[in-house]
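Chemist: Pasting in a structure now, in structure tokens, and then I'll have a few things to ask.
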Amino acid sequence: MRSMAPYAILAATTACLAFVAPLSADAGTPSKLLHGAWTNTRLSPDRRADLLLQAMTPDEQASLLHGSMPLFMRPMPAGVVASAGYFDGVPRLGVPALRESDASLGVANAGRVNDDAAPLPSGLALAATWSPALAFDGGAMIGKEARQKGFNIMLAGGVNLVRDARNGRNFEYLSEDPLLSGVMAGASIRGIQSQHIVSTTKHFVLNDQETGRQIYSANIAEAPFRESDLLAFEIAIEKGDPGSVMCAYNRINGVYACENAALLTGVLKQDWGWRGWVMSDWGAVHSLGAAMAGLDQESGQQLDEKVFFDAPLRQAAKAGDIPTSRVHDMAHRILRSLFAKGVMDPAPAAGPLDTAADSAVSGRTADQGIVLLKNQAGLLPLAKGARRIVVIGSHADIGVLSGGGSSQVVPLGSVKFPAPKGAPSWGGGIVYQPSSPLKAIQARAGVAVTFNDGADPAAAAALAKGADVAVVFASQWSTEGLDVDLSLPGGQDALIEAVAAANPRTIVVLETGGPVLAPWLDKAGAVLEAWYPGAQGGEAVARVLFGEVNPSGRLPVTFPAAEDQLPRPQLPGAGEAPPEGGAAPASAPKPFDVDYPEGSDVGYRWFAKTGRTPLFPFGYGLSYTTFRHTGLRVSGGRTLTISLKVTNTGPRAGIDTPQVYLDKAPTRTQQRLLGWSRVALKPGESRQVKLVADRRLLADWDVKSHGWRLAGGAYTVSLGAHSAARDLHASAEVAAAVLGP
Ligand code: BGC
């Protein structure tokens, strides 16, 4: 398992990784196309895979099915780069080596060493844009960088729902809503794969907390499962068609994700008809049975108890315990994806890596993903020039915070601080990416800006008192392998209280992996959620503070007012599950259950159902202008078609994101996001918007008929600025229907 002993080796070797030579730019593409009929690009990917398989020996086929984590390869073979995954290709037939890099937020540096990759803002920042176009652009950017760095498989595309606000990996994921997550992930996958790179959608499925991720069982009933986490994957896969899906560490209803036949074979391959290959998460294979359950490839084999998909698999196939047709199918799925995604054919030249241009792509996402949570008396935007500004806290003089773990990108100029106790030893520390908010504010302020590190609240408050404006940066680091609580760490709440008490013109800028509590909210003049904002994070914050960018982000997650509002006030396994990266425990860790009684009522739906008032609702976000929604109309029939008008009623150009929710169906009353539109409007301008509801969002999953059942009758929708402000309502009749799985 990833958490145990092997990471001791990793810690010892990380130091020398900087000296591993990078690959040549085209090392991930076939060195030469040999003469098989499979090189005919007019044939279908399936046919080409068949032809190629026929030319391969059984050993060559089997070699595709298990691969290493280069970090643990001793000695490191020539041409292999320190990254997450490596599989020998079949040079004799022109099959390239599979070179895998982590990828959720950029081309990660597995050795946690500085390099020239551009980091994207966190997944939640991306989802806060509600813009599939930006998701595509970010995907295309990291796909291009991957190719420039010699990778051909990106381990990108985390679609797990934010079921628990404390999940330490929420920053890699997108949202608490299946439609928003699925649409954004699908666009990002398409962007990555537009670059002749395979994208991997992960972690299938219900890896919704990090505590005990290798030992817990996530338990949920079939119908709510289909309507929540599975629906997010279903939409992402439909829209993005990833070449690969990664199965998760945890169990689902008692069965490991990577040996879960009902999910891998039943849902993914049969019900959804998906044709790609399932790869395991690193150290997530526990038996050879995984092959028959639907796992096609064992990744990071050094982290499993043994290499199940090497000799044991070949012997089982020889003995007839595993049909050769299944082994054939496993290899076929891999080759088919390589053909389908353009990995096997010459790709247009990617050219040299241009970090500045790539950072600009990241910066656009940061601009649009920052959410303005509070703006009392028009404190923001700040006027340029002649203001005494004090900037406080969170290393704003250095850069912006990023999330830790396998997705970590460490761009040149990053600064690291030691990780707190309990964090995985392999994480490489807390990384501040080099876009300093202080410098960006200084460049715009026109007067000297004072910086205070925030270590002494009284000193910070004294400085704030004499300033026109105080900008307090407050952050919460999160990482793979460790969950968080919802409070800002290190006395930052007290710091904000002290500064805001000294100067009500205090602006709080949050850099967090997910939702946090804000006990000081009433006292702060303005609050921005900047998430982990990536390559141009500091610049993006300054652009919003000074009004060069009118904030348009909308929360993709609910911010609870207290932890006891969550479906599980106590995080399951907290204090019991062994920490990642520590010494191996003396006895086997005790598996535990994570029950999901909330079913598909995740996030805002849980708050609506239980009548709880969050701190900030899903979909919420302010602007420097104002918008009006009018003319909500709905027509029915096969599904709902919704139209509405948005008008910019304020003084500035801005982007609005009107959201339409289902409020009432013949079978139920719970709320559900049906659609949204992002509308850029000049002052006084109006636009008409039309949305068509995906019928699965109106339907219930019917266990008996194994499909979606759409009840005939009246459906009521509402329109509003966010999930808790739905001012306009309209209804229409939809015809009953039974849809396939
Ligand atoms: C993570 C995956 C990652 C893999 C390879 C695992 O620990 O869960 O998301 O892709 O490592 O680094």
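Chemist: List the relative contact order of the chain as a percent without decimals, with contacts defined as Cα pairs under 8 Å and 6+ residues apart.
Modeler: Computed value for the chain: 14 percent relative contact order.
Chemist: What is the angle, in °, between the Cα long axis of helix 492-502 and the longest principal axis of the Cα atoms in the chain? Nearest 10 is fine, range 0 to 90.
Modeler: 20
Chemist: Another question, then. Round to the nearest 10 and give me the degree value, 0 to 90, for the angle of helix 355-369's Cα axis relative to the longest principal axis of the chain.
Modeler: 60
Chemist: Would you mind checking the radius of gyration and Dmax of the chain based on alpha-carbon positions, in Å?
Modeler: 25.3, 81
Chemist: Let me ask something else. Using the heavy atoms of the protein chains and a 1.4 angstrom probe, tell me the accessible area per residue for segment 496-655 in square angstrom.
Modeler: 36
Chemist: As a test of reading the structure, rank TRP282, TRP606 by solvent-accessible area (1.4 Å probe, protein chains only), most first.
Modeler: Largest to smallest exposure gives the sequence TRP606, TRP282.
Chemist: Under the 0.36 nm per residue contour assumption, what length would be gained going from the current alpha-carbon distance of VAL447 and ALA714 to full extension?
Modeler: Values: separation 267, 0.36 × 267 = 96.12 nm, distance 6.05 nm.
Separation in residues times 0.36 nm, less the Cα-Cα distance, equals 90.1 nm.
Chemist: So, one more: Dipole magnitude of segment 351-441 about its Cα centre, charges +1 at Lys/Arg Cβ and -1 at Asp/Glu Cβ only, in debye to the nearest 20?
Modeler: Once rounded to the nearest 20, the dipole reads 420 debye.
Chemist: Can you give the net charge of the other residues whose Cβ lies under 9 Å from the Cβ of VAL549, counting K and R as +1 and D and E as -1?
Modeler: On the way: positive: ARG543; negative: ASP367, GLU548.
So the environment of VAL549 carries a net charge of -1.
Chemist: Calculate one ³J(HN,Hα) per residue across segment 94-103 by plugging θ = phi - 60° into the Karplus curve 6.51 cos²θ - 1.76 cosθ + 1.60, and present them in order as whole Hz with x for glycine and proline.
Modeler: x, 7, x, 4, 8, 10, 10, 10, 5, 6
Chemist: Now for a different question. As a test of the formula, what do you get for the chain when each DSSP H run with n ≥ 4 contributes -39,500 (n - 2.57) and the sum is divided by the residue count, at 222 nm and rounded to the nearest 500 deg cm²/dmol? Write out the running numbers ahead of the final one.
Modeler: Working: 18 runs with 176 residues, N = 741.
It comes out at -7000 deg cm²/dmol, rounded to the nearest 500.
Chemist: For the chain, with the dipole built from +1 on Lys and Arg beta-carbon atoms and -1 on Asp and Glu ones, taken about the Cα centre, which of ALA735, LEU51, ALA725 lies farthest toward the positive end?
Modeler: Going by the charge dipole, the pick is ALA735.
Chemist: What does the convex hull of the alpha-carbon atoms of segment 681-729 project to on average, in nm²?
Modeler: Quarter of the Cα hull surface area: 5.3 nm².
Chemist: Go through 109-116, 315-322, 457-464, 635-642 and give me the packing order, highest mean Cβ count within 10 Å leading. Don't skip to the answer; put the middle values down first.
Modeler: On the way: 109-116: 20.8, 315-322: 13.9, 457-464: 19.0, 635-642: 17.4.
Listed from highest to lowest mean packing, they are 109-116, 457-464, 635-642, 315-322.
Chemist: If eta is 1.567 mPa s and T is 4 °C, what Stokes-Einstein diffusion coefficient results for segment 595-741, Kirkwood Rh from Cα pairs, in µm²/s?
Modeler: 80
Chemist: Between ALA562 and VAL738, what is the FRET efficiency for a Förster distance of 35 Å, r being their Cβ-Cβ separation, to the nearest 0.05?
Modeler: Details: r = 42 Å, r/R0 = 1.20.
So the FRET efficiency works out to roughly 0.25.
Chemist: On a 1.4 Å probe surface of the protein chains, which of GLU576, GLU529 comes out largest in accessible area, and what is the full order?
Modeler: Final ranking, largest accessible area leading: GLU576, GLU529.
Chemist: Defining a contact as two alpha carbons under 8 Å apart and six or more residues distant in sequence, what relative contact order in percent does segment 495-650 show?
Modeler: Reported relative contact order: 20 percent.
Chemist: Now for a different question. Using heavy-atom solvent-accessible surface (probe 1.4 Å) with all chains present, what is the largest-first order of HIS629, HIS35, HIS729?
Modeler: Putting HIS629, HIS35, HIS729 in descending order of accessible area: HIS35, HIS729, HIS629.
Chemist: Roughly speaking, what is the centre-to-centre gap between segment 553-602 and segment 323-379 when only Cα atoms are used, to the nearest Å?
Modeler: Cα centres, segment 553-602 to segment 323-379: 29 Å.
Chemist: Under the Karplus relation 6.51 cos²θ - 1.76 cosθ + 1.60, θ = phi - 60°, what is the ordered set of whole-Hz ³J(HN,Hα) values for segment 675-692, x standing for Gly and Pro?
Modeler: Per residue, the Karplus-derived 3J(HN,Hα) values read x, 7, 9, 9, 10, 8, 10, 7, x, x, 7, 10, 9, 8, 10, 10, 10, 10 Hz.
Chemist: Still on this structure, I have one more. Express the relative contact order of segment 434-584 as a whole percentage, based on alpha carbon pairs under 8 Å and six or more residues apart in sequence.
Modeler: Relative contact order, segment 434-584: 25 percent.
Chemist: Can you compute the modelled spin-label distance between ASP727 and LYS704, with each label point 7 Å from Cα toward Cβ, in nm?
Modeler: Inter-label distance under the simple model: 4.4 nm.
Chemist: Report the extension gain between THR630 and SER587 in nm, rounded to one decimal, defined as 0.36 nm multiplied by the number of residues separating them, less their alpha carbon distance.
Modeler: Length gained between THR630 and SER587: 9.2 nm.
Chemist: Considering only DSSP beta bridges with both partners in the chain, what is the antiparallel share in %, to the nearest 5?
Modeler: Values: 61 of 104 bridges.
Beta bridges within the chain, antiparallel portion: roughly 60 percent.
Chemist: Now a separate question. Helix 324-340 against the longest principal axis of the chain: what's the angle in degrees, Cα atoms only, rounded to the nearest 10?
Modeler: Between helix and principal axis, roughly 50 degrees.
Chemist: Can you give the charge dipole size of the chain about its Cα centre, rounded to the nearest 20 debye, using +1 on the beta carbon of Lys and Arg and -1 on the beta carbon of Asp and Glu?
Modeler: About 1700 debye.
Chemist: Could you tell me the accessible area of LEU53 in Å² (1.4 Å probe, neighbours in place), rounded to the nearest ten?
Modeler: 0
Chemist: In segment 175-230, if the dipole is taken from +1 on Lys/Arg beta carbons and -1 on Asp/Glu beta carbons about the Cα centre, which of ILE189, PHE204, SER228 is farthest to the positive end?
Modeler: Positive-most Cα among the choices belongs to ILE189.
Chemist: I'd like the distance separating the alpha-carbon centroids of segment 607-669 and segment 85-100, in whole Å.
Modeler: Measuring centre to centre over Cα atoms gives 49 Å.
Chemist: Return the long-range amide H neighbours of HIS203 (sequence gap of 5 or more, or a different chain), with a cut-off of under 5 Å between placed amide H atoms.
Modeler: Excluding prolines and chain starts, which carry no amide H, the hits are VAL159, ASN160.
Chemist: Additional query: Which percent of the accessible area of the chain is formed by carbon and sulfur heavy atoms (probe 1.4 angstrom)?
Modeler: Here carbon and sulfur together make up 55 percent of the probe-accessible area.
Chemist: Positive end of the dipole of the chain, charges at C-beta (+1 Lys, Arg; -1 Asp, Glu), about the Cα centre: which of SER337, SER623, GLY254 has its Cα farthest in that direction?
Modeler: The listed residue farthest towards the positive side: SER623.
Chemist: Explain nothing, just the number: dipole magnitude of segment 469-592 about its Cα centre with +1 on each Lys and Arg Cβ and -1 on each Asp and Glu Cβ, in debye rounded to the nearest 20. Write out the running numbers ahead of the final one.
Modeler: Numbers: 6 positive and 14 negative charges, 44 e Å.
Taking the Cα centre of segment 469-592 as origin, the dipole is about 220 debye.
Chemist: If you don't mind, another one. For segment 383-431 and segment 466-510, what is the centre-to-centre distance using only Cα atoms, to the nearest Å?
Modeler: Here the two parts' Cα centres lie 14 Å apart.
Chemist: While we're looking at this one, here's another question. Could you pull the accessible area for ARG612 with a 1.4 Å probe, rounded to 10 Å²?
Modeler: 90
Chemist: Ignoring everything but the protein chains, give the 1.4 Å probe accessible area of TYR256 in square angstrom, nearest 10.
Modeler: 40
The values are calculated or read from the model by the stated rules, or taken from the named source; none is laboratory data. Predicted model, so just to flag it, every value in this text is computed and none were measured. Using ideal geometry, Cβ is built from the backbone for each residue, glycine included, and neighbour counts are taken over all protein chains shown. Only protein heavy atoms, including side chains, enter the accessible area calculation; ligands, DNA and RNA are left aside. Shrake-Rupley method; radii C 1.70, N 1.55, O 1.52, S 1.80 Å.
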